[in-house]
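The values are calculated or read from the model by the stated rules, or taken from the named source; none is laboratory data. Since the structure is predicted, the reported quantities are computational estimates derived from the model, not experimental observations. Quick reminder, even Gly has a Cβ in these numbers, built from the backbone with ideal geometry, and neighbours come from all protein chains shown.
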């Protein structure tokens with residue numbers, strides 16, 4: 001009887017011990033990872049503190065350590081990803097930059113043709129040189145940087161990077177290199193693509209004016225067609241490449257060489273371009289790795305566009321609390337975006353919800369991303385889309401984990417009529433409007449839009465676009481609505 | 001033997017309650033009160049299991065104290081048992097709220113109104129678990145085994 005009396009105590013003890021055992025394992029690290037993700041503290045300092053938890057208790061975290069007792073960053077990233085992907089909403093923390101990943105190398109191809117020299121005159125604003133210097137400086141100290149001079153061929157720059165940065169007249173110090181009377185883009189693009197090694201970022205600094213040898217008497221249409229074809233051919237041969245074209249404005253003072261060969265003097269603004277070429281995964285790293293911030297999102301860039309291959313994955317999180325939300329819904333967690341128990345607004349009957357999306361990886365300029373006309377939205381109830389960039393003032397303590405790492409808010413509004421609906425959103429894969437606006441087919445006089453346009457830009461970039469167009473959209477998102 | 005069955009049933013019900021409080025698809029806490037932002041944070045910070053464990057511990061602890069510590073003929077009336085249930089139903093949500101608030105504060109979150117509404121559920125669950133615990137363990141109490149209902 002006495003033993004019988006003790007039985008419930010024993011059973012209770014067993015249940016409690018089982019509970020305690022379930023709470024063991026990587027509890028401290030698990031809790032710290034969750035806390036960092038939910039509070040939006042996905043910084044290097046937070047990652048370092050996670051690593052110190054692991055190194056302080058090697059017995060418990062031996063599976064996250066290398067045989068030498070150091071943190072295995074790959075396993076650590078996997079551990080964090082496992083937790084992050086099961087959160088609400090599922091999150092992602094790119095810890096790759098903290099895990100001893102090799103720095104990227106930079107190779108600059110500086111065009112030295114006749115029409116480039118006036119961009120870097122002593123009396124000018126020096127925007128061209130500043131753009132290149134900034135590019136070099138946005139790479140971490142110690143990164144391998146090579147500089148080449150290009151025109152009819154590719155020639156190595158004979159001085160050091162520091163000398164290049166301090167050079168006040170780069171065209172004077174590189175005078176006599178190659179033949180500056182023409183630029184062979186076919187050769188340049190082929191050489192760049194051929195020479196590129198994994199982890200390398202190649203940047204062509206150019207006015208992107210196609211000026212091949214001996215164009216006397218050749219029609220402009222023929223030159224444009226040739227330009228278009230060579231760009232397509234060059235890039236189509238090298239799969240897996242990604243290209244970002246950035247447009248800058250610089251002071252120009254000197255002789256301009258139009259296609260018909262009658263040079264004239266011009267003083268004023270002129271566009272120039274940085275063509276950034278890298279493997280797609282390297283370009284993704286440039287876009288996401290904070291060590292390289294300023295490379296793809298250069299402040300001085302007037303316009304930019306990323307040529308890519310294939311449709312990108314875009315991370316989206318439905319915002320449960322947002323000023324524009326109308327009606328009610330419940331986010332179902334699991335595969336895809338599903339809103340269950342949807343109810344329209346009591347007064348208007350409309351359902352309005354917002355999603356935070358990370359469109360940064362697309363490397364598109366904001367004007368393109370925030371223009372709803374560039375998106376295709378399909379649904380039974382005719383939902384409409386509005387896109388706005390995320391402003392720091394929008395971030396509150398309660399929504400920062402939803403907005404962390406996101407760049408834009410996509411707001412969808414529609415009449416909730418159908419019992420079930422599917423909203424398909426896609427960003428159309430088209431050349432952006434600024435390419436057409438910045439392109440001209442006549443550069444024989446300084447009138448009109450000469451200061452803001454480049455001869456044949458649309459044909460050159462159009463050729464690259466044709467070579468690298470992977471699909472009809474840059475990204476696709478589907479949202480399922482259930483009553 | 002019948003009493004042991006009661007005990008095992010009580011533990012099973014409690015374990016089921018604990019499991020249903022941790023699941024993602026069907027979560028017992030999200031059946032009665034749901035605020036997307038608040039509940040997502042509760043889930044992401046792994047707070048449901050702790051809230052459920054506190055509720056279970058207070059309910060079973062309250063019943064254990066009544067039947068084995070108090071265990072007096074002076075306190076064997078139904079209203080004495082009810083008074084302990086009242087204490088459990090107040091204590092559990094208060095502890096859960098303090099825990100809730102501490103975790104949210106350490107993560108820079110503010111959900112005061114939602115936390116108060118959420119803890120109303122804990123009042124109910126603590127009371128129900130106290131009844132379950134009472135009928136699981138009362139049989140071995142020397143003075144209170146007839147409370148709240150005679151055998």
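May I ask you to verify whether residue A:287 is touching a residue at least 12 places away in the same chain (Cβ under 8 Å), outside any strand (DSSP E or B) and farther than 23 Å from residue A:476 by Cα?
For residue A:287, the condition - touching a residue at least 12 places away in the same chain (Cβ under 8 Å), outside any strand (DSSP E or B) and farther than 23 Å from residue A:476 by Cα - is not met.
Going by what's in this entry, would residue A:448 be described as in contact with a strand residue (DSSP E or B) (Cβ under 9 Å, 6 or more places away or on another chain), away from every other protein chain (no Cβ under 14 Å), modelled with pLDDT under 90 and at positive phi?
Yes; evaluated as a whole, the condition is true for this residue.
When you go through B:138, B:145 one by one, which is the residue that is more than 16 Å from the chain's Cα centre (by Cα), over 30 Å from residue A:321 (Cβ atoms) and part of a helix (DSSP H, G or I)?
After applying the criteria, what remains is B:138.
Mind listing just one residue for me: the one in region B:67-76 that is in a helix (DSSP H, G or I), away from chain A (no Cβ under 14 Å) and touching a residue at least 60 places away in the same chain (Cβ under 8 Å) and, of those, surrounded by the fewest Cβ atoms within 10 Å (Cβ to Cβ)?
The selected residue is B:73.
For (1) without any contact (Cβ under 8 Å) to a residue 24 or more places away in the chain; (2) part of a loop (DSSP other than H, G, I, E, B), each residue gets a yes or a no:
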site: A:51; (1), (2): no, no
site: A:59; (1), (2): yes, yes
site: A:91; (1), (2): no, yes
site: A:103; (1), (2): no, yes
site: A:106; (1), (2): no, no
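Got a number for residues in region A:395-423 being within 14 Å of another protein chain (Cβ to nearest Cβ), assigned to a loop (DSSP other than H, G, I, E, B) and buried (at least 17 other Cβ atoms within 10 Å of the Cβ)?
Residues meeting the conditions: 3.
Has region B:19-39 got any residue that is in a loop (DSSP other than H, G, I, E, B) and either farther than 19 Å from residue B:121 by Cβ or more than 13 Å from every other protein chain (Cβ to nearest Cβ) (or both)?
Among the residues of region B:19-39, not one is in a loop (DSSP other than H, G, I, E, B) and either farther than 19 Å from residue B:121 by Cβ or more than 13 Å from every other protein chain (Cβ to nearest Cβ) (or both), which makes the answer no.
Tell me yes or no: at least one residue of region A:24-31 is facing another protein chain (nearest Cβ under 9 Å), closer than 30 Å to residue A:360 by Cβ, modelled with pLDDT of 85 or more and not in a loop (DSSP other than H, G, I, E, B).
yes
Out of A:403, A:481, A:416, A:412, which single residue is in contact with a helix residue (DSSP H, G or I) (Cβ under 9 Å, 6 or more places away or on another chain) and in contact (Cβ under 8 Å) with a residue 40 or more places away in the chain?
Among A:403, A:481, A:416, A:412, only A:403 is in contact with a helix residue (DSSP H, G or I) (Cβ under 9 Å, 6 or more places away or on another chain) and in contact (Cβ under 8 Å) with a residue 40 or more places away in the chain.
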